[in-house]
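Participant: What follows is a single structure, and I will ask about it in a moment.
The values are calculated or read from the model by the stated rules, or taken from the named source; none is laboratory data. Worth saying up front: this structure is predicted, and the values here are computed from it rather than measured. Using ideal geometry, Cβ is built from the backbone for each residue, glycine included, and neighbour counts are taken over all protein chains shown.
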Amino acid sequence: MDIYYLAWIQLLVGSYRAGYNYLCQPVTYSLDPNEMRIANAIWWFYVSKLIEMLDTVFFILRQKNEQITFLHVYHHVTMFPIWWIGTKWVAGGQSFLGALLNSSIHVMMYSYYGLSALGPAMQKYLWWKRYLTIVQLVQFVVGMIHATQSLLLSCNFPVWMHWALIFYGMSLLLLFLNFYYNSYVLKKRNRKKNGSSNSKKSLPKEANNSKKADNKQYSKDSVASRRKTHAKDQ
């Protein structure tokens, strides 16, 4: 989390001091202190992607195969080479926004993980888990819009990098949408379905119990009536 927080601060401060245009910012490749600060932050951001890949390694070693999904592997394995390309050829300019957004989201994510590690007492404060996924989805949409408008503005930034970001962002958007649907929408729907089916199953039992009670009462009334009739006849 420290790497992401420091990268976020450096990118935010460096881009502000360098007078970055958030719509279209060419790569300058200069030795300006602010440009060097941004390039340094992007390099650390790239290193963080290598550390993220260790999550997959730890899951394998701990045999937590249920957490090794296609999304998890695809996301971690592809981010590292993509940011190696970004760090090598475009460590600044337009690429700073993607690192800035992703760093801020990872600060929120690791804050959530830190709180959840404190034990069951913190569970009531972790209601915002699903919103982390929503924020990630927004990030992908913003990234694709940013790259698309840069193409339309003919921004002095490698065109191939714009297209790479658009297609990669689209793949992540689809995978995360599928994850969100399965984790929140589908599970909620299944819970409601199971709840309604359970209530329907309980209705016949209640009806049978009520019917049995009525039959018992009818039998008692019938016996009492016969006794009265027999007493009168005597």
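Participant: As an exercise: evaluate LEU172 against (1) modelled with pLDDT of 95 or more; (2) within 16 Å of VAL90 (Cβ to Cβ) and give the number of the one condition it does not meet.
Facilitator: (2)
Participant: Now, a different point. Which pairs turn up if I take residues in the range 37-51 that are at pLDDT below 90 and look for partners that are of a type in the set (Phe, Trp, Tyr) with beta carbon separation below 8 Å, at least 6 apart in sequence or on another chain?
Facilitator: Cβ pairs passing all conditions: LEU50/PHE80.
Participant: OK, next. Restricting the range 148-161 to residues that are part of a helix (DSSP H, G or I) and touching a residue at least 40 places away in the same chain (Cβ under 8 Å), which is surrounded by the most Cβ atoms within 10 Å (Cβ to Cβ)?
Facilitator: Here the residue is SER150.
Participant: Given the residues SER116, SER103, SER95, which is the only one that is among the polar types (S, T, N, Q) and over 21 Å from SER15 (Cβ atoms)?
Facilitator: Residue meeting the stated conditions: SER116.
Participant: Kindly indicate whether any position in the range 5-15 is modelled with pLDDT under 90, assigned to a helix (DSSP H, G or I), of a type outside the set (Gly, Ala, Ser) and under 21 Å from the mean Cα position of the chain (by Cα).
Facilitator: Yes: the range 5-15 contains one or more residues that are modelled with pLDDT under 90, assigned to a helix (DSSP H, G or I), of a type outside the set (Gly, Ala, Ser) and under 21 Å from the mean Cα position of the chain (by Cα).
Participant: Restricting to the range 10-46, name every residue that is out of contact with any Ser or Thr (no Cβ under 9 Å at 6 or more places or on another chain) and β-branched (Val, Ile, Thr).
Facilitator: VAL13, THR28
Participant: Moving to a separate point now. State all residues of the range 24-51 that are of a type in the set (S, T, N, Q), under 12 Å from GLY92 (Cα atoms) and in contact with a helix residue (DSSP H, G or I) (Cβ under 8 Å, 6 or more places away or on another chain); if no residue qualifies, say none.
Facilitator: GLN25, THR28, ASN34, ASN40
Participant: Still on this structure, please answer the following. For ALA91, indicate whether it is within 26 Å of TRP44 (Cα to Cα), touching a residue at least 40 places away in the same chain (Cβ under 8 Å) and assigned to a helix (DSSP H, G or I).
Facilitator: Answer is no for this residue.
Residues are listed down the side, and each one gets a yes or a no for (1) under 19 Å from SER150 (Cβ atoms); (2) surrounded by 15 or more Cβ atoms within 10 Å (Cβ to Cβ); (3) of a type in the set (Asp, Glu):
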residue: ALA7; (1), (2), (3): no, yes, no
residue: VAL27; (1), (2), (3): yes, yes, no
residue: LEU50; (1), (2), (3): no, no, no
residue: HIS75; (1), (2), (3): no, yes, no
residue: GLY92; (1), (2), (3): yes, yes, no
residue: LEU100; (1), (2), (3): yes, yes, no
